[in-house]
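The values are calculated or read from the model by the stated rules, or taken from the named source; none is laboratory data. Owing to the predicted nature of the structure, the values given are computational and were not obtained by experimental measurement. Cβ atoms come from the backbone with ideal geometry, glycine included; neighbour counts cover every protein chain shown. For the accessible areas, the whole protein counts, side chains as well, though only heavy atoms, and no ligand, DNA or RNA atoms are used. Shrake-Rupley method; radii C 1.70, N 1.55, O 1.52, S 1.80 Å.
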Amino acid sequence: MGAESRAVRLYRTMRLIREFEERCLAMSLTGEIVGGIHPYIGQEAVAAGVCAALTQDDVVASTHRGHGHVLAKGADPKRMLAELLGTTDGLNRGRGGSMHAADVGLGVYGANGIVGAGAPIAAGAAWSFQQRGEDRVAVAFFGDGALSQGVVLEAFNLAALWRLPVVFVCENNGYATSLPVGRALAGDPVERAAAFGLAARAVDGMDAEAVADAAAQAVERCRAGGGPAYLECRTYRFHGHHSYEEQVALNYRDDAEVGDWRARDPLRTQSTRVDEATVRAVDAEITTLIDEAVEFARAGRAPEPHEALDHLYADGTTTRPGVMI
Ligand SMILES: Cc1ncc(C[n+]2csc(CCOP(=O)(O)OP(=O)(O)O)c2C)c(N)n1
């Protein structure tokens with residue numbers, strides 16, 4: 001059997017994220033996932049397309065809306081869901097939760113609750129690759145709300161100045177919480193990035209193949225020493241900013257606007273590029289995988305209170321700030 005086509009791989013990754021997120025949303029509404037989640041539903045083409053251009057040695061730095069990035073980079077959905085349920089089987093022993101899930105072995109340098117924080121992390125990783133002469137690329141994901149964060153602009157500047165192998169991926173979903181991008185951002189985001197000397201372009205973030213093509217070009221450019229790139233992925237989140245938004249009647253978005261974007265569902269678009277039997281087989285495979293993940297995560301245990309201070313320090317000599325043993 002020949003290698004699976006990119007079209008199928010993209011479909012599978014998006015399907016995995018969609019189903020994982022739908023279950024998470026349901027589990028957060030019942031309180032099973034404490035603290036809620038920021039659903040990624042609608043934006044799957046970005047994570048799938050960008051990560052399709054990366055190898056396992058490449059790294060990504062993510063956001064508060066990070067489940068899709070972590071899964072697309074290859075994290076085990078069972079351990080990811082266990083992390084969200086806060087059990088010791090989780091990727092980070094249940095200590096990171098939704099907004100801080102990381103898998104360093106897979107190059108996932110963490111989801112991040114601080115808007116824009118992934119940009120300097122990825123730039124720093126890229127700098128270390130460059131210093132060591134390693135053929136690796138770093139990607140920072142962030143939303144449109146991060147485009148005016150000082151650290152993001154500082155990261156653009158240093159990345160361009162030092163020609164770092166980093167790709168900045170802006171997922172412009174039109175809103176930062178409930179603030180429309182047009183009321184928050186002066187000028188054009190692509191021009192803003194280009195002004196720093198980044199190879200900057202916009203891409204249809206609802207089309208996984210278009211994102212994958214643009215990301216592959218940006219990553220190749222980095223590997224060839226051509227310096228950093230910026231991708232503006234125009235996308236949309238189908239649900240609220242946070243799962244709690246499902247429970248309150250916020251109406252900062254038009255039903256017609258949401259409907260128009262839902263009509264461009266990236267998963268449906270990608271399904272038309274794959275034969276029907278394969279779509280059915282992938283759907284069944286993912287449903288089984290997620291059922292198993294739910295069962296696995298529910299069977300876990302929460303860390304004991306006395307374990308709260310474990311794993312805080314690498315050398316094991318300090319258990320509490322200021323208390324040496
Ligand atoms: C530095 C910082 N400022 C404010 C917040 C509060 N906050 C959390 S998410 C968010 C909106 C982020 O919007 P965007 O970057 O566009 O990402 P999206 O939620 O659309 O994916 C804000 C303001 C924060 N977490 N960190």
Would you confirm whether or not the range 174-186 contains a residue that is more than 10 Å from the ligand (Cβ to nearest atom) and closer than 22 Å to residue 49 by Cα?
no
When (1) open to solvent by 10 Å² or more (accessible area, probe 1.4 Å); (2) within 16 Å of the ligand (Cβ to nearest atom); (3) of a type in the set (A, V, I, L, M) are applied to residue 70, the one that fails is (1)
Residues in the range 177-212 that are in contact (Cβ under 8 Å) with a residue 40 or more places away in the chain and either of a type in the set (A, V, I, L, M, F, W, C) or assigned to a helix (DSSP H, G or I) (or both) total 13
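Residues are listed down the side, and each one gets a yes or a no for (1) in contact with a strand residue (DSSP E or B) (Cβ under 7 Å, 6 or more places away or on another chain); (2) of a type outside the set (Lys, Arg); (3) within 12 Å of the ligand (Cβ to nearest atom):
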site	(1), (2), (3)
108	yes, yes, no
111	no, yes, yes
118	yes, yes, yes
121	yes, yes, no
124	no, yes, no
158	no, yes, no
From (1) in contact with a Leu (Cβ under 6 Å, 6 or more places away or on another chain); (2) part of a helix (DSSP H, G or I), pick out the condition that doesn't hold for residue 105.
(1)
Name every residue in the range 128-179 that is among the small types (Gly, Ala, Ser) and closer than 30 Å to residue 260 by Cα, in order of residue number.
140, 143, 145, 146, 148, 174, 176, 178
Tell me, please, whether a residue that is over 22 Å from residue 61 (Cβ atoms), touching a Ser or Thr at 6+ places or on another chain (Cβ under 7 Å), acidic (Asp, Glu) and surrounded by 15 or more Cβ atoms within 10 Å (Cβ to Cβ) can be found in the range 194-217.
yes
Any chance you could count how many residues in the range 92-133 are in contact (Cβ under 8 Å) with a residue 60 or more places away in the chain, out of contact with any His (no Cβ under 8 Å at 6 or more places or on another chain) and not small (Gly, Ala, Ser)?
1
